[in-house]
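Since the structure comes first, as structure tokens, the remarks are kept for the end.
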Amino acid sequence: MTPGRPARPGARPAVPDRRGLVPLSVLRGAAALTAVLLGAVVWNGSAWIILPVVVAAGAAVLPSIGLASLSLVLLVVAYAVNMPAGSPWLLVFVAGIHAVFLLYLLLLHLPLRGWISVAALRELGRSYLRSQAVAQPVAVLALLVDDAGSSLVAVVAGVAALGGWVLWLVGHPGTTPGRKRVRPGRGPRRGTVG
């Protein structure tokens, strides 16, 4: 279509170039699926699995601080209550809970429908790997100590970090830790991140 010329009647509208972009619905699905799989591990066969599944789906589709926090707390507390000390699932759980946390954090301020660049996802992946570089050695140390008290300390530290995050978000609405402020008119196209 040439600028300045009106579109022909019946002509299909131009489709924006989406190369290098991923739909946000994929990330919402990944966040919900990861939370549900973690819930299936920690609620092992209990009918209470319905609760974290519903909350995880709600937190991914209709993100809010409250739903995201409730979803994470349900998983962390269920792990503390239901999993024995020294369980090798700790390493998987730590990796999964951090993935869910980062996805919730990302999706909290993004539109329900939109796109995100692969470059932004790479940066998110690097942030995830940095968190795992700290979290996994702590989890391994907790397994080596093989003591219920060490698991409790790890859970309390996780809940304290979550509480700090929630308080930060409540005190700074509209911003995300590490996210740059974009001046109006200078950011990417509406509905696109990265």
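With respect to (1) touching an Asp or Glu at 6+ places or on another chain (Cβ under 8 Å); (2) part of a helix (DSSP H, G or I), the lone exception for residue 85 is condition (2).
Every residue, every condition in (1) assigned to a helix (DSSP H, G or I); (2) surrounded by 17 or more Cβ atoms within 10 Å (Cβ to Cβ); (3) aromatic (Phe, Trp, Tyr), yes or no:
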residue	(1), (2), (3)
67	yes, yes, no
77	yes, no, no
80	yes, yes, no
97	yes, yes, no
101	yes, yes, yes
110	no, yes, no
119	yes, no, no
122	yes, no, no
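In this structure, is residue 96 within 18 Å of residue 75 (Cα to Cα) and modelled with pLDDT of 70 or more?
When the stated conditions are applied, residue 96 passes them.
The values are calculated or read from the model by the stated rules, or taken from the named source; none is laboratory data. What you see is a predicted model, and the numbers here were worked out from it, not measured in a lab. With ideal geometry, Cβ positions are generated from the backbone for all residues, glycine too; neighbour counts draw on all protein chains shown.
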